[in-house]
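Below: the structure, in structure tokens.
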Amino acid sequence: MTDETLDPGLVERATSFVQRKMEGRRPTVAVVLGSGLGFLHEKVESAVRIHYRDIPGFPVPTVYGHQGELVIGRLAGRDVLVQSGRFHLYEGHSAERCALPVRVYSGLGISTLLLTNAAGGVRRTFMPGTLMLIADHVNLTFRNPLTGPVPAGEERFPDMSEPYDRGLRRLARDVAARRQVALDEGVYAGMVGPCYETPAEVRMLERLGVDAVGMSTIVETITARARGMRCLGISTITNAASGISATPLSHAEVMEAAEAVKDKLAGIVEGVIERL
Ligand code: HPA
């Protein structure tokens, strides 16, 4: 499935389907929830919920910790769209399929994308529960959602000099400081997974200047930038990366650590939305 080409009309079909269901709501910001962070969708008020199984081209998530619905309503005083459940390359989806939601959001008029994820800490000082603002990323998936024909509204060679918006990062730092939540900043590397890294791979990542490693986000950011959307990314460090931690890694540990820090992360996300 990795080099499938989606039907060229799919983005428009999915966009108009979601548009019809929104019943007049006009979100300008979308929040993508990572592993174990699905709780935020429960805070959305006056929401319409659209199950992925009903949206053209949206696959149903296969990973525990990821629901499968778009929740559109009010959060922190604004109309928002919350994506609860992600598509990942490791599930066998093509980069183009993983990019579909972001293309739909852009079609809906959404111009700001807040991405959250769970990640392993490569920087030695990162403990489970550290929150890291993504300053930049390294695409080690070696997949790209922009290959193939250029869809309307995208460029052939998009600039990637500021994948994560400077102004949004400043805002997130300010929100975190006011709420007295520690927020680090660093470089995220995206790998395909699904196995966690080997210690040698983590040593490689360290030498590449990487601070955190995960299995998502990259494809969404690339797509958003190609559409001129601005991105903010926040990683929850759920574990020390392989070889740094003495114990084997497990998805259960990742979920547990994400759960422990979810309120702090929600505070930052809501604070940012409030001040957009
Ligand atoms: N590696 C990759 N992805 C992850 C990790 C990790 O250590 N922890 C949570 N997601």
*Filter segment 212-238 for residues that are modelled with pLDDT under 95 and open to solvent by 10 Å² or more (accessible area, probe 1.4 Å) and give the result.*
none
*Looking only at segment 31-46, which residues are on the phi > 0 side of the Ramachandran plot and either open to solvent by 30 Å² or more (accessible area, probe 1.4 Å) or modelled with pLDDT of 85 or more (or both)?*
SER46
*Tell me, yes or no, whether segment 159-167 has at least one residue that is open to solvent by less than 20 Å² (accessible area, probe 1.4 Å) and closer than 20 Å to ALA226 by Cβ.*
yes
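In this structure, is GLU96 over 29 Å from GLY271 (Cβ atoms) and either touching an Asp or Glu at 6+ places or on another chain (Cβ under 8 Å) or of a type in the set (S, T, N, Q) (or both)? Break it down stepwise before answering.
On the way: over 29 Å from GLY271 (Cβ atoms): yes; either touching an Asp or Glu at 6+ places or on another chain (Cβ under 8 Å) or of a type in the set (S, T, N, Q) (or both): yes.
Spelling it out, GLU96 is indeed over 29 Å from GLY271 (Cβ atoms) and either touching an Asp or Glu at 6+ places or on another chain (Cβ under 8 Å) or of a type in the set (S, T, N, Q) (or both).
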*Would you check which residues across segment 8-25 are touching a residue at least 24 places away in the same chain (Cβ under 8 Å) and exposed (fewer than 12 other Cβ atoms within 10 Å of the Cβ) and list them?*
PRO8, GLU23
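Can you tell me which of SER46, SER35, SER84 is under 25 Å from ILE237 (Cα atoms), away from the ligand (no atom under 16 Å from the Cβ) and small (Gly, Ala, Ser)? Lay out the reasoning, then the answer.
Working: SER46 fails: under 25 Å from ILE237 (Cα atoms); SER35 fails: away from the ligand (no atom under 16 Å from the Cβ).
Answer to the check: SER84.
Residues that are more than 9 Å from the ligand (Cβ to nearest atom) and under 17 Å from GLY121 (Cβ atoms): which strands (runs of 3 or more DSSP E) entirely in segment 168-264 hold 2 or more of them? First the steps, then the outcome.
On the way: elements: 184-190, 212-214, 230-240.
Of the strands (runs of 3 or more DSSP E) lying wholly inside segment 168-264, those with at least 2 residues that are more than 9 Å from the ligand (Cβ to nearest atom) and under 17 Å from GLY121 (Cβ atoms) span 184-190, 230-240.
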*So which of GLU197, GLU274, GLU185 ends up being touching a Leu at 6+ places or on another chain (Cβ under 6 Å) and modelled with pLDDT of 95 or more?*
GLU185
*Considering only strands (runs of 3 or more DSSP E) fully contained in segment 47-152, which possess at least 2 residues that are open to solvent by 30 Å² or more (accessible area, probe 1.4 Å) and out of contact with any helix residue (DSSP H, G or I) (no Cβ under 7 Å at 6 or more places or on another chain)?*
131-139
*Of all residues in segment 118-151 being in contact with a Leu (Cβ under 8 Å, 6 or more places away or on another chain) and under 30 Å from GLN180 (Cβ atoms), which is nearest to the ligand (Cβ to nearest atom)?*
GLY120
*asked:* Which pairs turn up if I take residues in segment 238-250 that are closer than 19 Å to ALA260 by Cα and look for partners that are within 6 Å of the ligand (Cβ to nearest atom) and not in a strand (DSSP E or B) with beta carbon separation below 8 Å, at least 6 apart in sequence or on another chain?
replied: THR238/VAL254; ASN239/LEU249; ASN239/VAL254; ALA241/TYR196; ALA241/GLU197; LEU249/TYR196
_Among (1) open to solvent by less than 10 Å² (accessible area, probe 1.4 Å); (2) at pLDDT below 95, there is one condition LEU205 misses while meeting the rest; what is its number?_
(2)
_Given (1) open to solvent by 30 Å² or more (accessible area, probe 1.4 Å); (2) at pLDDT 90 or above; (3) of a type outside the set (Asp, Glu); (4) touching a Phe, Trp or Tyr at 6+ places or on another chain (Cβ under 9 Å), identify the lone condition not met by THR28._
(4)
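The values are calculated or read from the model by the stated rules, or taken from the named source; none is laboratory data. Worth saying up front: this structure is predicted, and the values here are computed from it rather than measured. Positions of Cβ are generated from backbone atoms using ideal geometry, with glycine treated the same way; all protein chains shown enter the neighbour counts. SASA here: full protein model, heavy atoms, side chains in, ligands and nucleic acids out. Shrake-Rupley method; radii C 1.70, N 1.55, O 1.52, S 1.80 Å.
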